[in-house]
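Here is the structure we will look at, set down as structure tokens.
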Amino acid sequence: MGLNQSKDERLRDVCLILTEQQAAHLDTGDIRAKTGADVALGHHASPGSGRRLVIVWGYQKQIEAAAGLIDQQTSAQVQTQLFWLQWVEAAFPDLHSRAYFLPPVYFNRVPMSRQSIAGEDVLVVHSAPGQAGQSSGPATTSSTTGKSCLPQPPRVQDSDTRDDAAMQRLLFCLQKMTEQKGEVLVEMSNLKFGQYLGEPCYAAAAAQLPLPANLPSARPRNWKHGDFDVLLIHRHYGLVICEVKAFGDNIQALNMSQQDINNNIRQKLRDAVSQLDKAEAMLSHLVSDIAPGLRITKTIAFPNLTASQVQQAISGDTQLTQNLCQCLGGTDAADIAGLCLYSEELSDPKTPWDVNEGTLKKLGEWWTRRVTVSGPDSHMTSHVYKTLVAR
């Protein structure tokens, strides 16, 4: 370089000091691509300070542009995360001493319309015609005046109402059990992957975080889309995901043979294994910047089947048994019955809200076998718990 060159043409470097939280979310690749400056995380500013050096080198204009982008990234990140934490503290004042279910009351997912009956406005579910489980397209009204037919609210399959009933029954029982045992957790149901940090107002802060859309490419592409039937964030035991299968309440009505019943149960189990593996991979990815290695417990709930029905269906199917053991963490077929949740451990489907002492005892025994058996997870500190709920 010649001595008469301007300061903009001389390569130089500067050091910036960031907090650990800011440095953890710094997207150095994005800064390099947008500014041309080289950016690298250095050592701690001083032992125990909780601050990191960020080294930026390049031409003067590149460094200035990089510093501006670093400020944008870190300020949006820190301000938003502080807002989330403050919101959690205000919304859940007893976060560290009780269980919260979101939403507090389970909402059916089936489409309904408002109609007037006997002078009162009521919400009416649109049931599907034909056999249970038969689907139908959107209905239209006939026209006698030559005008085009008007689309009606979408019909709902009988399977949708069965799914809602099974889910509601399970949540009644879980909520009652957590109250009795004094469990500290936050529960969410029917949470789609895409809903995680999906609000446009959080785009700037979320851009630097693990998101469903940037699930590592080593995973199948369709694993970026899915949902958690039931997700528990437990203060001591980490994360619990439960896949709920409603099959079984209409077996007699459909006059199914035992072979058909077994085939259906086996297929539901295969589906559950696939869905749980996908949910576990997504959950591990989403919490990787908060608590990598956090325990994830997987289970399957069959609110309308007994343990003996499921055990009978899988007996003799070696491959399915191996897949279930690998997914749920069992060692042989006998373990599977104790790792899943069945109708005999839940309330009566006719009165799902009435969770008696006998049901609570059985449910508590399942909870011990499946969730608490390994003891508290050391990764789940008070700060990690609050941060996970805030996310």
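The values are calculated or read from the model by the stated rules, or taken from the named source; none is laboratory data. Treat the numbers as computed from the prediction; the structure is a model and nothing was measured. Ideal geometry is used to build each Cβ from the backbone, glycine not excepted, and the neighbour counts take in all protein chains shown. Just the protein is used for accessible areas: all its heavy atoms, side chains included, with ligands, DNA and RNA removed. Shrake-Rupley method; radii C 1.70, N 1.55, O 1.52, S 1.80 Å.
The single residue among Thr387, Thr351, Thr381 that is β-branched (Val, Ile, Thr), at pLDDT below 95 and over 26 Å from Phe92 (Cα atoms) turns out to be Thr351. Note on region 291-310: residues that are open to solvent by 50 Å² or more (accessible area, probe 1.4 Å) and modelled with pLDDT of 95 or more total 1.
Considering every residue within region 363-381, establish whether at least one is open to solvent by less than 60 Å² (accessible area, probe 1.4 Å), in a helix (DSSP H, G or I), in contact with a His (Cβ under 9 Å, 6 or more places away or on another chain) and touching a residue at least 24 places away in the same chain (Cβ under 8 Å). Yes, region 363-381 contains a residue that is open to solvent by less than 60 Å² (accessible area, probe 1.4 Å), in a helix (DSSP H, G or I), in contact with a His (Cβ under 9 Å, 6 or more places away or on another chain) and touching a residue at least 24 places away in the same chain (Cβ under 8 Å).
Screening region 14-35 for residues that are part of a strand (DSSP E or B) and of a type in the set (A, V, I, L, M, F, W, C) and picking the one that is farthest from Arg52 (Cα to Cα) gives Val14.
What number of residues within region 273-289 satisfy the criterion of being of a type outside the set (S, T, N, Q) and in contact with a Pro (Cβ under 9 Å, 6 or more places away or on another chain)? Counting residues in region 273-289 that are of a type outside the set (S, T, N, Q) and in contact with a Pro (Cβ under 9 Å, 6 or more places away or on another chain) gives 7.
Counting the residues of region 70-85 that are farther than 22 Å from Ile233 by Cβ and crowded, with 18+ Cβ neighbours inside 10 Å gives 4. Name the single residue that is modelled with the lowest pLDDT among those in region 205-223 being out of contact with any Lys or Arg (no Cβ under 9 Å at 6 or more places or on another chain), open to solvent by less than 60 Å² (accessible area, probe 1.4 Å) and part of a helix (DSSP H, G or I). Checked region 205-223; the qualifying residue modelled with the lowest pLDDT is Ala205. Restricting region 246-290 to residues that are assigned to a helix (DSSP H, G or I), among the small types (Gly, Ala, Ser) and free of Cβ contacts under 8 Å to residues at least 60 places away in the same chain leaves a set whose member that is surrounded by the fewest Cβ atoms within 10 Å (Cβ to Cβ) is Ser274. Quick check on region 86-110: of everything there that is more than 26 Å from Thr387 (Cβ to Cβ) and open to solvent by less than 40 Å² (accessible area, probe 1.4 Å), which residue is modelled with the lowest pLDDT? This residue is Val110.
Does Gly226 count as open to solvent by 10 Å² or more (accessible area, probe 1.4 Å), at pLDDT below 95 and under 11 Å from the mean Cα position of the chain (by Cα)? It is true that Gly226 is open to solvent by 10 Å² or more (accessible area, probe 1.4 Å), at pLDDT below 95 and under 11 Å from the mean Cα position of the chain (by Cα). Number of residues in region 182-204 that are surrounded by 14 or more Cβ atoms within 10 Å (Cβ to Cβ), in a strand (DSSP E or B) and under 13 Å from the mean Cα position of the chain (by Cα) equals 6.
In summary, Ala313 fulfils each of the numbered conditions (1) assigned to a helix (DSSP H, G or I); (2) of a type in the set (A, V, I, L, M, F, W, C); (3) modelled with pLDDT under 90 with the single exception of condition (3).
Report whether or not Gly329 is modelled with pLDDT under 90 and within 24 Å of Gln258 (Cα to Cα). Taking the combined requirement at face value, the residue does not satisfy it.
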